[in-house]
1. Return the total of residues in segment 145-163 being crowded, with 16+ Cβ neighbours inside 10 Å and either polar (S, T, N, Q) or more than 22 Å from ILE59 (Cβ to Cβ) (or both).
2. Tell me which of these LEU12 doesn't satisfy, since it passes every other one: (1) surrounded by 10 or more Cβ atoms within 10 Å (Cβ to Cβ); (2) hydrophobic (A, V, I, L, M, F, W, C); (3) at pLDDT below 85; (4) assigned to a helix (DSSP H, G or I).
3. Given the options ILE59, ILE46, name the one that is modelled with pLDDT of 95 or more, of a type outside the set (S, T, N, Q), under 28 Å from ILE168 (Cβ atoms) and surrounded by 13 or more Cβ atoms within 10 Å (Cβ to Cβ).
4. Looking at (1) surrounded by 15 or more Cβ atoms within 10 Å (Cβ to Cβ); (2) modelled with pLDDT of 95 or more, can you tell me which one PHE72 breaks?
5. Suppose we filter ASN127, ASN172, ASN113 for residues that are modelled with pLDDT of 95 or more, in the same structural domain as SER45 (by TED's automatic domain parsing), in a loop (DSSP other than H, G, I, E, B) and surrounded by fewer than 16 Cβ atoms within 10 Å (Cβ to Cβ); which single one remains?
6. Any residue that is at pLDDT below 85 and either assigned to a loop (DSSP other than H, G, I, E, B) or in contact with a Cys (Cβ under 9 Å, 6 or more places away or on another chain) (or both) - is there at least one of those in segment 15-33?
Amino acid sequence: MNTHAELREKLLELNNQTTNFISELKQQLVTDVPSLSLLSYFTHSINLTGKEHEESFLIGGFHIKNLSPNTFKNIYICLKIDTENQYHFSGKFRNMSSSNNNEMPVTWIRFDNSNDEKEIWFKLADNKQLDPYESISFSDMQVTWGNDEAFTCSIVGFVYTEREVDGITSLNSINLSIN
């Protein structure tokens, strides 16, 4: 009978150890998983033409949502446009070298930050910041291309801040393959 009582005591001890282990794991999961502070994504619309010598185009926006109680300063975005085809990129931004003060106010300034021709970089203008639980957008970006040949393109977005120096990849990307 002594063995039965010892076995019962050992099982109770193991059960308590397992319960404690599971509690510790749950606690570590809660503290070790970094909370998502910024979220970015694309919205877009495409206009395709079948007429010769006309251009097709994509109009889109890149949106950044602050999901945290923190304010983000020094916000940079990188749009990586991967294509072998000819295209033209435009949007509501001013170039870093622009000295025309009569331009309409813009939120984003384009600058060169890479030797990679596929990357287009922007920073928030005029020391703007992203306040807690607010959103900011890079609106009305436009990619145009001729319909003389097939067009394939991929656009991925990245957000960088003083807290996110490695960058955060957008939730979605834009992928086009038009024959």
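1. 3
2. Against the list (1) surrounded by 10 or more Cβ atoms within 10 Å (Cβ to Cβ); (2) hydrophobic (A, V, I, L, M, F, W, C); (3) at pLDDT below 85; (4) assigned to a helix (DSSP H, G or I), LEU12 comes up short only on (3).
3. The match here is ILE59.
4. It fails just one condition, (2).
5. Details: ASN127 fails: modelled with pLDDT of 95 or more; ASN113 fails: modelled with pLDDT of 95 or more.
The match here is ASN172.
6. Within segment 15-33, one or more residues are at pLDDT below 85 and either assigned to a loop (DSSP other than H, G, I, E, B) or in contact with a Cys (Cβ under 9 Å, 6 or more places away or on another chain) (or both).
The values are calculated or read from the model by the stated rules, or taken from the named source; none is laboratory data. The shown structure was predicted, so the numbers you read here are calculated from the model rather than taken from an experiment. We place every Cβ from the backbone using ideal geometry, glycine too, and count neighbours over all the protein chains shown.
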